[in-house]
Amino acid sequence: MLPIKGLPIKGLYEVAIKVRDLSTAETFYRDLLGLTEGLRDEKRKWLFLRAGGNAGMFVLQEEQGEFPKQHFAFTVQDEDLAASKAALEAKGIETEGPVYHEWMPARSLYFADPDGNDLELCAPL
């Protein structure tokens, strides 16, 4: 299939993930990772969080049941990876890396959220 001509996609603005407990996920993403609240929808149990100011949104959607684990990467500066690793580990969060990706090129630090989603702090070089 060929891409649609004239569709000028410039980047990714919003990602939504399912979480089992909105309060737990909110504490992790807002208080630990530093994302900021954009909008709270109590009726649907959704929380829109800003990642990097106006760079994009990360939406937490509470849902019961089973759902597949996902992978998400947040952009960071390379000089912040060591401090990020230390801060996460000080909170008891296991990390892997930094890992160098020659094909990107970038260095990445990996860890998991409370629902087991695979998260990455990616520092493009």
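The values are calculated or read from the model by the stated rules, or taken from the named source; none is laboratory data. Note that the coordinates shown come from a computational prediction; the quantities given were computed from them, not determined experimentally. As a convention, Cβ positions derive from the backbone with ideal geometry for all residues, glycine included, and neighbour counts pool all protein chains shown.
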*Based on what the data block shows, is residue 53 out of contact with any strand residue (DSSP E or B) (no Cβ under 6 Å at 6 or more places or on another chain), within 24 Å of residue 122 (Cα to Cα) and not assigned by TED's automatic domain parsing to the domain that holds residue 113?*
yes
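Listed here are the residues, each with its yes/no results for (1) under 20 Å from residue 111 (Cα atoms); (2) at pLDDT 95 or above.
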| site | (1), (2) |
| --- | --- |
| 21 | yes, yes |
| 25 | yes, yes |
| 28 | yes, yes |
| 45 | no, yes |
| 48 | no, yes |
| 52 | yes, no |
*Counting only residues that are in contact with a helix residue (DSSP H, G or I) (Cβ under 7 Å, 6 or more places away or on another chain), give me the strands (runs of 3 or more DSSP E) lying completely in region 1-82 with at least 3 of them.*
57-62
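In this structure, does residue 110 turn out to be assigned to a strand (DSSP E or B) and exposed (fewer than 14 other Cβ atoms within 10 Å of the Cβ)?
So residue 110 fails the test.
Here is a yes/no grid of residues against (1) surrounded by fewer than 17 Cβ atoms within 10 Å (Cβ to Cβ); (2) within 19 Å of residue 13 (Cα to Cα):
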| position | (1), (2) |
| --- | --- |
| 27 | yes, no |
| 49 | no, yes |
| 60 | no, yes |
| 69 | yes, no |
| 116 | yes, no |
| 120 | no, yes |
| 124 | yes, yes |
